[in-house]
1. Across the range 34-69, which residue is farthest from ASP123 (Cα to Cα) among those that are at pLDDT 95 or above and small (Gly, Ala, Ser)?
2. Among the candidates LEU67, LEU98, LEU37, single out the residue that is over 20 Å from ASN114 (Cα atoms) and open to solvent by less than 80 Å² (accessible area, probe 1.4 Å).
3. Condition first: out of contact with any Asp or Glu (no Cβ under 8 Å at 6 or more places or on another chain) and of a type in the set (A, V, I, L, M). Now tell me which residues in the range 80-127 satisfy that.
4. Just the residues that are aliphatic (A, V, I, L, M) and open to solvent by 90 Å² or more (accessible area, probe 1.4 Å), please, taken from the range 40-56.
5. In the range 101-125, which residue that is out of contact with any strand residue (DSSP E or B) (no Cβ under 7 Å at 6 or more places or on another chain), open to solvent by 40 Å² or more (accessible area, probe 1.4 Å) and modelled with pLDDT of 95 or more is farthest from LEU67 (Cα to Cα)?
Amino acid sequence: TRLMTVAAAVLCISLSAQARDPVPIQTPAAITLPQGLPTIEVEKAIINAALKRQWKVIEKKPGAFILEYAPRGTFSVKVTVSYDTNAIKISYLDSRNLDFDPSKEPPLIHPNYNRWVNNLARDIESSLVVSSVK
């Protein structure tokens, strides 16, 4: 029974470490495009960055991709990555099991969301640098 008590305590500590209070949702700064970069290179940079971080392209529209991140199946998030000749913007679209609360200003969400989209933005920016020096 002592072993069970210790195991239960470890489990409680582990679960409480994973539970995090929602934080204000952040929208990454727009990513400025190098002048004259062809649209196909912009699209490749977005797709390459998405794949690197295990985001899936679930829809392609003119000037935008809808990406989804759902690594373990228990939660997911969708973002719109829109682009034109000047910039790329990432914006929240939808989520499941991430404590999204649109009633607050700004809306609240699980803190991992901000990390995931900021990583995606950094990787897109890195891919653009590679594309612009080809």
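The values are calculated or read from the model by the stated rules, or taken from the named source; none is laboratory data. Since the model is a prediction, treat every value here as computed from it, not as a measurement. Here the Cβ positions follow ideal geometry from the backbone for every residue, glycine too, while neighbour counts run over all protein chains shown. These accessible areas exclude ligands, DNA and RNA; they are computed on the full protein's heavy atoms, side chains included. Shrake-Rupley method; radii C 1.70, N 1.55, O 1.52, S 1.80 Å.
1. Checking each candidate, the answer is GLY63.
2. Values: LEU67 fails: over 20 Å from ASN114 (Cα atoms); LEU98 fails: over 20 Å from ASN114 (Cα atoms).
Answer to the selection: LEU37.
3. VAL81, ALA87, ILE88, ILE90, LEU93, LEU98, VAL117, LEU120, ALA121, ILE124
4. Initially, the range 40-56 is screened for residues aliphatic (A, V, I, L, M), giving 40, 42, 45-47, 49-51.
ILE40, LEU51 - these are the residues of the range 40-56 that are aliphatic (A, V, I, L, M) and open to solvent by 90 Å² or more (accessible area, probe 1.4 Å).
5. Applying the filter and picking the extreme gives SER103.
This table checks each residue for (1) charged (D, E, K, R); (2) closer than 22 Å to LEU128 by Cα; (3) within 14 Å of the chain's Cα centre (by Cα).
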site: GLU43; (1), (2), (3): yes, yes, no
site: ALA64; (1), (2), (3): no, yes, no
site: ILE90; (1), (2), (3): no, yes, yes
site: SER103; (1), (2), (3): no, no, no
